[in-house]
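K.L.:
Let me give you the structure first, and then I'll get to my questions.
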Amino acid sequence: MTAGLAALRPVYVVGIGLSRYQKPSEASFVDLGLAAVRSAIADAGVSWAAVESATVGTVNLGMAAGRAFLRYMGATGLGIAQVENASASGSTAFRQACIDVASGMSEVAIAVGVDKAGVVNSAAAKTGLGTLAGSEMIPAALFALMASDVMHATRLTREDLARVAVKNHSNAAHNPFAHFQKARTLEEVLAEPEIAGVLTRLQCCPIGEGAAAAVVASEEAVRRLHVPPARAVRVLSSTSTSERVYPPGAWATVELTRETVARAYEEAGVGPEDLDVAEVHDAFTIEEILYTEALGLCARGEGARLLSEGKTRIGGDCAVSASGGLLAMGHPLGPTGVGQICEITRQLRREAGARQQPNARIGLAHMVGVGQVCVVHVLRADR
């Protein structure tokens, strides 16, 4: 295994900020992005001039989006980079900010995710190489096939899938930044129109707009800038991998998650039994069930039981998607991964209010992106 963050300088999240995830509006991405950045800077208690580098994750905005809105924070000469990595764009931006600080290239860095809803301009459609599925294999169809496959092979039911949405919408009802803020019953989830296969509308994430930002700093910067130690959350590990060739019948995103999470645990020196909170890529209900298994929170085939026993609810063994997850907090693409870091940080600071997981100390953020890629971070409150 190659060297990770543990081999470099300690990195701490010291400031977080969000603009609400929402359906498409007249708000510009400049307004959305600045709201998140200003909130994160204020939360960290640092000046914009103290930030030495910025990495911006976007999917739909086009060239030089970072410079187009960060200029309104002031022309300080900081380094700006823009990354796109599908749904994992924000996670990748956060990883880069951590690497900047851990390597000593920056003392203070910021990761920002911002996006407006739009038609995704996929490079895969421009390769000139056809596929058997063609344009029909949209994400909802792919994960509906996954759900059908698992239901055929196990005792997983429609009700098991719907319970994921019930839990996450209930969590989002207490999240002022969530796209959806209404608790839903099992009957309501099942009564919604089917989008693909057995997946009803409330079992599929909304794609909207929003922004999220996280300020990270070195140990020296935390001291120099007088950041209260209790509000500095350490980033223990940052791992990023892409798919391999898996055995027949295996689902790439699940196997990729299992491998990436294992590396993240090794780098962080923790295991699944240590997790108090986890934000996972639950764009569709079947994903949360299978990813909780891949995270090692339960054995294979036991994800639905884990949920039904309340172990992934707030107050359970490990609160999964306490923010509401992609299903209810929303999935505006560019911001999503950074938004997960904001939620984990808020939980580890014990600042999550009605969503607070009791005594939360260690959290994990997980995102996958088409292609396939997977990015995982483990954070810890050092109290």
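K.L.:
Is there a residue being within 15 Å of the chain's Cα centre (by Cα) and at pLDDT 95 or above anywhere in region 295-311? Lay out the reasoning, then the answer.
P.N.:
Looking only at region 295-311, we keep the residues that are within 15 Å of the chain's Cα centre (by Cα), and these are 295.
Checking the rest, the ones that are also at pLDDT 95 or above come to 295.
Yes.
K.L.:
While we're looking at this one, here's another question. I'd like to verify a number: residues in region 327-359 that are buried (at least 24 other Cβ atoms within 10 Å of the Cβ) and acidic (Asp, Glu), how many?
P.N.:
1
K.L.:
What tally of residues in region 225-247 results from selecting those that are charged (D, E, K, R) and modelled with pLDDT of 95 or more? Quick ask: steps written out before the conclusion?
P.N.:
Going residue by residue through region 225-247, those that are charged (D, E, K, R) are 231, 234, 243-244.
Still in the running and modelled with pLDDT of 95 or more: 234.
Residues in region 225-247 being charged (D, E, K, R) and modelled with pLDDT of 95 or more: 1 in total.
K.L.:
Within region 5-26, work out how many residues are aliphatic (A, V, I, L, M), in contact (Cβ under 8 Å) with a residue 60 or more places away in the chain and surrounded by fewer than 16 Cβ atoms within 10 Å (Cβ to Cβ). Please lay out each step first, then the result.
P.N.:
Keep residues of region 5-26 that are aliphatic (A, V, I, L, M), which gives 5-8, 11, 13-14, 16, 18.
Okay, now just the ones that are also in contact (Cβ under 8 Å) with a residue 60 or more places away in the chain, so 5-6, 8, 11, 13-14, 16, 18.
If we keep only those that are surrounded by fewer than 16 Cβ atoms within 10 Å (Cβ to Cβ) as well, we get 6, 8.
Residues meeting the conditions: 2.
K.L.:
Right, next: Could you check how many residues of region 227-264 are hydrophobic (A, V, I, L, M, F, W, C) and under 19 Å from the mean Cα position of the chain (by Cα)?
P.N.:
Just the residues of region 227-264 that are hydrophobic (A, V, I, L, M, F, W, C), to begin with: 227, 230, 232-233, 235-236, 245, 250-252, 254, 256, 261-262, 264.
Now drop any that are not under 19 Å from the mean Cα position of the chain (by Cα), which leaves 233, 235-236, 252, 254, 256, 261-262, 264.
Selection size over region 227-264: 9.
K.L.:
If you don't mind, another one. Could you grab the pairs with beta carbons closer than 7 Å, sequence gap of 6+ or different chains, first residue in region 274-286 and over 16 Å from Asp160 (Cβ atoms), second one of a type in the set (Ser, Thr, Tyr) and assigned to a strand (DSSP E or B)?
P.N.:
Sorted first by the residue in region 274-286, then by its partner, the pairs are His281/Ser87.
K.L.:
Working only within region 248-278, note down all residues that are on the phi > 0 side of the Ramachandran plot and modelled with pLDDT under 95.
P.N.:
Let us first name the residues in region 248-278 that are on the phi > 0 side of the Ramachandran plot, namely 249, 269.
Matches in region 248-278: Gly249 only.
Every residue, every condition in (1) within 20 Å of Ala213 (Cα to Cα); (2) outside any loop (DSSP other than H, G, I, E, B); (3) of a type in the set (A, V, I, L, M), yes or no:
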site	(1), (2), (3)
Leu297	no, no, yes
Gly301	no, no, no
Gly315	no, no, no
Ala322	yes, no, yes
Gly334	yes, no, no
Gly339	yes, yes, no
Asn359	no, no, no
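K.L.:
A further question follows. Scan region 190-209 residue by residue and report those that are more than 18 Å from the chain's Cα centre (by Cα), crowded, with 21+ Cβ neighbours inside 10 Å and under 12 Å from Ala328 (Cα atoms).
P.N.:
Residue satisfying the conditions is Leu202 alone.
K.L.:
Sticking with this one: Where residues in region 75-85 are of a type outside the set (S, T, N, Q) and at pLDDT 95 or above, which of them is farthest from Gly339 (Cα to Cα)? Outline the logic, then answer.
P.N.:
First, the residues of region 75-85 that are of a type outside the set (S, T, N, Q): 75, 77-81, 83-84.
Next, only the ones that are at pLDDT 95 or above stay: 77-81, 83-84.
Values: Gly77: 26, Leu78: 23, Gly79: 22, Ile80: 20, Ala81: 19, Val83: 16, Glu84: 16 Å.
Per the criteria, the residue is Gly77.
K.L.:
Looking at region 241-265 only, could you name the residues that are among the hydroxyl-bearing types (Ser, Thr, Tyr) and either free of Cβ contacts under 8 Å to residues at least 60 places away in the same chain or outside the structural domain of Ala294 (by TED's automatic domain parsing) (or both)?
P.N.:
Pass one, region 241-265, residues among the hydroxyl-bearing types (Ser, Thr, Tyr): 241-242, 246, 253, 257, 260, 265.
Tyr246 - this is the single residue of region 241-265 that is among the hydroxyl-bearing types (Ser, Thr, Tyr) and either free of Cβ contacts under 8 Å to residues at least 60 places away in the same chain or outside the structural domain of Ala294 (by TED's automatic domain parsing) (or both).
K.L.:
As an exercise: evaluate Ala212 against (1) over 17 Å from the mean Cα position of the chain (by Cα); (2) in the same structural domain as Gly17 (by TED's automatic domain parsing) and give the number of the one condition it does not meet.
P.N.:
Of everything listed in (1) over 17 Å from the mean Cα position of the chain (by Cα); (2) in the same structural domain as Gly17 (by TED's automatic domain parsing), Ala212 misses just condition (1).
K.L.:
Cβ-Cβ below 8 Å, separation at least six or inter-chain, first residue in region 369-381 and over 16 Å from Leu326 (Cα atoms), second of a type in the set (Phe, Trp, Tyr): which pairs?
P.N.:
His377/Phe94; Val378/Tyr265
K.L.:
For region 37-55, does any single residue satisfy the condition of being modelled with pLDDT under 95, under 30 Å from Glu259 (Cα atoms) and not acidic (Asp, Glu)?
P.N.:
Residues of region 37-55 modelled with pLDDT under 95: none.
No, there is no match, as no residue in region 37-55 is modelled with pLDDT under 95, under 30 Å from Glu259 (Cα atoms) and not acidic (Asp, Glu).
Each row is one residue, and each column tells you yes or no for (1) within 30 Å of Ala196 (Cβ to Cβ); (2) among the acidic types (Asp, Glu); (3) in contact with a Pro (Cβ under 8 Å, 6 or more places away or on another chain).
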{"position": "Val216", "(1), (2), (3)": "no, no, no"}
{"position": "Ala221", "(1), (2), (3)": "no, no, no"}
{"position": "Ala252", "(1), (2), (3)": "yes, no, no"}
{"position": "Ala264", "(1), (2), (3)": "no, no, no"}
{"position": "Glu267", "(1), (2), (3)": "no, yes, no"}
{"position": "Asp276", "(1), (2), (3)": "no, yes, no"}
{"position": "Glu287", "(1), (2), (3)": "yes, yes, no"}
{"position": "Arg313", "(1), (2), (3)": "yes, no, no"}
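The values are calculated or read from the model by the stated rules, or taken from the named source; none is laboratory data. Predicted model only: the values in this text are computed from it and were never measured. Cβ atoms come from the backbone with ideal geometry, glycine included; neighbour counts cover every protein chain shown.
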